[in-house]
Structure formats: structure tokens, C-alpha cells
Amino acid sequence: MPNIWQVIFFSLIGGVFSLIGGIILLANKKVNKIAAYASAFAAGALLSAAFVDLLPEAIESGSDTHQVMLFTMIGVIAFYLLEGFINWFHRHDDNEKEHSPAIIPMIIIGDTLHNALDGVAIAAGFLISPTSGIIVTLAIATHEIPQEIGDFGILLNHGMSKKKTILVNILSALSSTLVAVVCYIIGDTTNISLAPLMGIIAGFFIYIAASDIIPTLHHERNRKAFVKKTIWLILGAVLVTVAIMTLHGFVE
């Protein structure tokens, strides 16, 4: 079992990586293509983390396979409902994006809630093993990079300065570390069953990849761009799978 300093270190690293997308946007305004390919890569990474690490770990822990799959389904449904709530703050419709004076606080609140949810997933990963914690952190970071590009762009377009945008996003990212630490301490001291938690987090990853990211790839009208994004999706799945196999060999 990892110690609390590993949870703090990797959750902070995950937050730094998630901010890379926004920093790239500040340096290069023409970054939308990078975000699209990063999203495709993230979908593959999330699917690999769910199917190659979290679900096998849950089943190998001795839990009933049907129970693990039940909690995975519960995770998918729960995060669908939760995302609907978060999006009420975070996105709203296109007209409100352009005209609502409250769009900046809504983006910040929504981003903070997303980061807090990431913290729960990171804590769950480290409660399983150091390998799972690292894999979960990397998978989340790949998903957060393109999302941060979008959030940075909206905040900048609505008049927030570059320095303030960076500061706000750093503070928001720290919510992931705070929640990760609290959830890890609770899980480590109460000896909760990890298999249901692994199933739920796997459901979270599957939902993000299958419902949020992959459908946007299918909306791509340019055949060449679609093929490139598909390659990036497969690349994300392959590389994270290799990373999982390698880490299981060296970390545990």
C-alpha cells in the first residue's frame, strides 16, 4: 500500500500535466487540432486503464465478476447523472457561452468539480496499488489536457487576463490533490471493499471515453482527419496498455 506522500505527489503531477494544454494555448492560439488529437489519445488511454487495469484488478481481488460488472454499470449511470449536474455549471448552451456574464464563475466551478472527481479516482487507484494509482493519474491527465485547452480559451475570450487564468486553473487543479488525500485517508482507515470502487471508477472512465470523446470523433467530416484521430485513439490504448504491463512488472 502506498503512503500518503505518493498520493500527494502524483495528484500534483496530474494537475501539472492537465494545465499543459492551457499553457500551450497561451503560447499558440492555433491549438484546436492538438486538442482534437489529444482527446482521441485520451479516449484510448481511459479505455485501457479501465479494461486492462481496474477491472482485472477488481476481479482478481476475489470479488464476484457479476458484482464488479454491476458496479461498473452503476458507475456509468452515476457519472452520466453527475455530468449532467456539472454541465449545468460548466457548459450551458451556446448562446449563454457567448452572452452570459456568469460564464466565468460557471467555468471555474465546473472545472473545480471535475478536478475533485478526478481526485476521488486517483485516491481509489492508490488504494488498490501504486501501479493502479499511477495509471489512473496518467489516464486522467491525458483527458484533462484537451479539456483545459477549452476552458482556458473560454476564460481568455471572456476577458480574463493570462495571469489570472493560470492562477485560477492552478487553484482549481489543487482541489484534485485535496480530495485525493481526504478520500485516500478515509479509504485507508475504514478498510472499505475496493472491488466495488474499482468497478465504479472503471465505469467513470468508460463513460468519459464512450459518451464524451468517441462520439465527437464520429462527427469528424474530413476522412483523413478521422483516420488520424482513430490512429491516435488506438495509440493511446496501446501505449497505456504497455505502460500498465511494464509498471505491474516493476512497481509491484
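The values are calculated or read from the model by the stated rules, or taken from the named source; none is laboratory data. Note that the coordinates shown come from a computational prediction; the quantities given were computed from them, not determined experimentally. With ideal geometry, Cβ positions are generated from the backbone for all residues, glycine too; neighbour counts draw on all protein chains shown.
Could you tell me which residue of the range 118-168 is surrounded by the most Cβ atoms within 10 Å (Cβ to Cβ), considering only residues that are within 19 Å of I34 (Cα to Cα) and of a type in the set (G, A, S)?
A139
Given the residues T241, T190, T177, which is the only one that is farther than 23 Å from V16 by Cα and among the β-branched types (V, I, T)?
T190
Kindly indicate which of A58, A50, A36 is modelled with pLDDT of 85 or more, within 25 Å of D151 (Cβ to Cβ) and either touching a helix residue (DSSP H, G or I) at 6+ places or on another chain (Cβ under 8 Å) or crowded, with 16+ Cβ neighbours inside 10 Å (or both).
A50
Tell me yes or no: at least one residue of the range 84-93 is crowded, with 23+ Cβ neighbours inside 10 Å, in a helix (DSSP H, G or I) and at pLDDT below 90.
No, the conditions are met nowhere in the range 84-93.
Going by the structure shown, is G44 within 17 Å of the chain's Cα centre (by Cα) and at pLDDT 85 or above?
Yes, satisfied.
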